[in-house]
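Here the structure comes first, spelled out in structure tokens, and everything after it is commentary.
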């Protein structure tokens, strides 16, 4: 409580001594601003605030613009580093770009690039963090899901990779969605084939097959993948489709030939492979398969519409060829066939061949047509033994081997 | 009026001056519409204006820091080693020059300076302090010193508020209160967290709140955050990954984090305190180069660990997203403690909030990483640990437990983290409280030779209540329906002179023996006391009320009744001025004793006033 007589100023709280009417602090001469009324000062403050707003707006606009420019600069450096196969530097540059590009439209783009660079740099954990952040913002984005799939593919997490590949297939793509979806499926199939998931790969290929547009190269690609999963029938369909679309495609013809070859349709194989070799003489595999196909068609005694005489001739020739190859193989292995070996892989077939040899002529076969089967069984035995002992046989013997193995094939 | 007054003679050199005088006089005559802003209304309007000004200033401050960093250190996140060493060193010289020669009041973080303004200088903060703090801190933080922008922002807001409050002729009490309003605005904008800022100001600066102050603080904080979000960013500082508490056993792991964080906070406090005392005790000439020396040391650390330079928010964000190994996180925590201690104790102006968050995040992440390896069944993500870790350090180091909890909630936007935060923060706070009785900011103020009120001590100290001072009602209590003669008979046996009279409606009056005798002589012996007496009603008290209420109520009364809250006729005790003073005296003796005990038990020598070289 103030001393008696004194009182406190209600405005500023200062002591007004007894005898004085006015507060010595409040009535002290002050500067210009103190003379203004309170409300005027408030108005002045508001005006200053407005001016300050404008100034700050200008400053922040310039600041944001500079930040965006810095972000772009660092992003470009990152792209250059990535193209120069320097993912470590690219990661640093993209990181820096992200710092400057916060809340800009380019941020997700930079973040995606950073994730890709991190994958390249084998920093999969960090890449996952970046991609997860993107995925949280856009779970339906095809691009993001694709990158997630690639990340899990790189770490051989098949389940998650398939999940994200499927999400990418059915996800949203900004442009050319069908092309992207198709490419994603193709990539998925390649991944599954690489991981030896044949059944899953085949399922995807069947789905992919249904969506393919009329483009020869795509059909060839899919056909090749069907070949990898041993689905030769579908592979042949694709290659034939490719041939229809592009009759001058060596790849399509070669593929069709190889597929038919695997389907034991050597006539079809010969036709297709011949076309392939004509278009691309450098395709050595097609050339070899063509040669074998021809030999098969020439040597196979079980082909349809063969006369008995021709059948017998072919059977005898096959036996002689096989026996000769068998003996050469034994000799090259140091196996002495004279006297007749009692043990070893060569013993049995040699003994049977020696017994059959006197009968292996056209006259006997004319008399006993069933002998063809016995002859060809023996041919198969000898060729298989020789193959196991001496490796890939020459073309005629390989043809005989295939004839024996696929007995019953006929020329369509 | 003279001709001269109406037709002033043409002047020669004095003409511009007269024109100015005429303009000023004309301007004085301008009157805004008389809205009549009384103090309360003006206070709230001012809160909004202060919030907007503070927000704009903080926006400029953040941009200034960033521009300074880009200009000095380059736009790369990993500058060259030479730059990392030279820039903070040379900038430290500049900071020292600013602080010593131009703006001597800008030392420190800003929190204690704001408190000093409130409690010592009647809310006065010179506007030059705001300018000086802006420049010095932008240079210091932008050059890579390990300090944060939040505390200076708090001081900006307080300085702006003080300037506006003084200009607008607010009462002294209001000018004193306006500084914390501005402080909350500045801090809210710096943190982009209005709730945490409000709580911090209440918890650490003013210690209590009333409806008017709270309303003003909230208005200011919201306005400033609105400005920040309009100009700079709507996003929170950290993009916090989702957090889910899967099993209660995870709480055990967070409890471990609380223990680790508590001891880490202790270590941090001790280191800062020690270095601060040592640096202050060094010869005067070294003060010119201490910021540069600190910059050099921070730069050397920064060559190896550039993450510890500056505020470090990006690094915290990366830690929250589990992008570092636990070993690196632990190293970052340790070196950030070292770097921040060096920067702060050298006298470089700047804040401790950002480094505290950084250290907490790194420490939390490290603990989470270790627990993942050795106790994988305990669960929890490393990012979750980092988030809780931030709150742990806030509670243990800055000693603001409520703010620390709400800050984590506000930053994460995820309520499911509340349980781990509460447990971890509480453990850290208690550990820090036990082994470091004096909180950080109080310690700084005592090192600087001022004795600012400690909000924590006020919270921890027990309030004296009426029940601590009252006596049992042993004296005779008269009833209003007793007759004068009955009452006289009852009181005749006692030597006491003053008696309480209880009325049926719960009122209490009093009567003296002398009065009873006089009434009996006047022939009013058969009248009930209620009719016979004309004494005024006695004020009453309740046992749980603070004792200072009793002190205000007792006045000239010899005694006051202490009555039950639910039954006003139930007399619990009586209290006199002597009882009140005796209770205060006893409490004061007990406090002195406690202080002596804590001093002798090894309270830090940092309680000695400034200038004491030991």
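The values are calculated or read from the model by the stated rules, or taken from the named source; none is laboratory data. The shown structure was predicted, so the numbers you read here are calculated from the model rather than taken from an experiment. Reconstructed Cβ throughout: ideal geometry from the backbone, glycine too, with neighbour counts over all protein chains shown.
In table form, for the structure just shown:
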{"read-out": "Count - residues of the range B:169-184 that are at the interface with chain A (Cβ under 10 Å from one of its Cβ atoms) and assigned to a helix (DSSP H, G or I)", "value": "5"}
{"read-out": "Output for the range A:134-148, where each listed residue is within 22 Å of the chain's Cα centre (by Cα) and away from every other protein chain (no Cβ under 14 Å)", "value": "A:140, A:141, A:142, A:143, A:144, A:145, A:146, A:147, A:148"}
{"read-out": "Subset of the range A:82-96 [in a helix (DSSP H, G or I) and either free of Cβ contacts under 8 Å to residues at least 24 places away in the same chain or within 10 Å of another protein chain (Cβ to nearest Cβ) (or both)]", "value": "A:83, A:89, A:92, A:93, A:94, A:95, A:96"}
{"read-out": "Verdict on residue B:390 being assigned to a helix (DSSP H, G or I), more than 18 Å from residue B:270 (Cβ to Cβ) and at pLDDT 90 or above", "value": "yes"}
{"read-out": "Residue in the range A:394-409 that is at pLDDT below 85, surrounded by fewer than 13 Cβ atoms within 10 Å (Cβ to Cβ) and not in a loop (DSSP other than H, G, I, E, B) present", "value": "yes"}
{"read-out": "Within the range B:520-555, tally of residues that are surrounded by 12 or more Cβ atoms within 10 Å (Cβ to Cβ) and over 17 Å from residue B:501 (Cβ atoms)", "value": "11"}
{"read-out": "The range B:316-368, residues that are within 14 Å of chain A (Cβ to nearest Cβ) and in contact (Cβ under 8 Å) with a residue 40 or more places away in the chain", "value": "B:316, B:317, B:319, B:320, B:321, B:322, B:324, B:325, B:326, B:365"}
{"read-out": "Selection from the range B:182-213 of residues that are under 18 Å from residue B:313 (Cβ atoms) and surrounded by fewer than 24 Cβ atoms within 10 Å (Cβ to Cβ)", "value": "B:192"}
{"read-out": "Single condition residue A:143 does not satisfy, out of (1) over 28 Å from residue B:234 (Cβ atoms); (2) in the same structural domain as residue A:194 (by TED's automatic domain parsing)", "value": "(1)"}
{"read-out": "Answer from A:369, A:358 - the residue that is modelled with pLDDT under 85 and more than 48 Å from the chain's Cα centre (by Cα)", "value": "A:369"}
{"read-out": "Residue match in the range B:512-519 (condition: within 52 Å of the chain's Cα centre (by Cα), surrounded by fewer than 16 Cβ atoms within 10 Å (Cβ to Cβ) and either at pLDDT 90 or above or not in a loop (DSSP other than H, G, I, E, B) (or both))", "value": "yes"}
{"read-out": "Residues that are surrounded by fewer than 21 Cβ atoms within 10 Å (Cβ to Cβ) and in a helix (DSSP H, G or I), drawn from the range B:223-234", "value": "B:226, B:229, B:230"}
{"read-out": "Single match in A:278, A:300, A:265 (criterion: over 29 Å from residue A:367 (Cβ atoms), modelled with pLDDT under 90 and under 42 Å from the mean Cα position of the chain (by Cα))", "value": "A:265"}
{"read-out": "Residue within the range B:442-456 that is assigned to a helix (DSSP H, G or I) and surrounded by fewer than 18 Cβ atoms within 10 Å (Cβ to Cβ) present", "value": "no"}
{"read-out": "Residue match in the range A:33-44 (condition: more than 7 Å from chain B (Cβ to nearest Cβ), surrounded by 11 or more Cβ atoms within 10 Å (Cβ to Cβ), at pLDDT 70 or above and over 60 Å from the mean Cα position of the chain (by Cα))", "value": "yes"}
{"read-out": "Among (1) part of a helix (DSSP H, G or I); (2) surrounded by fewer than 14 Cβ atoms within 10 Å (Cβ to Cβ); (3) over 52 Å from the mean Cα position of the chain (by Cα) - the single one residue A:331 does not satisfy", "value": "(3)"}
{"read-out": "Helices (runs of 4 or more DSSP H) wholly inside the range B:52-168 containing at least 3 residues that are more than 12 Å from chain A (Cβ to nearest Cβ), within 21 Å of residue B:280 (Cβ to Cβ) and in contact (Cβ under 8 Å) with a residue 60 or more places away in the chain", "value": "B:81-97, B:111-119, B:127-142"}
{"read-out": "Conditions (1) out of contact with any helix residue (DSSP H, G or I) (no Cβ under 6 Å at 6 or more places or on another chain); (2) buried (at least 18 other Cβ atoms within 10 Å of the Cβ): number failed by residue B:416", "value": "(2)"}
{"read-out": "Sole residue being in a helix (DSSP H, G or I) and either within 25 Å of the chain's Cα centre (by Cα) or surrounded by 21 or more Cβ atoms within 10 Å (Cβ to Cβ) (or both), chosen from B:331, B:266, B:338", "value": "B:266"}
{"read-out": "Residues located in the range A:222-240, provided they are assigned to a helix (DSSP H, G or I) and surrounded by fewer than 19 Cβ atoms within 10 Å (Cβ to Cβ)", "value": "A:224, A:228, A:233, A:237"}
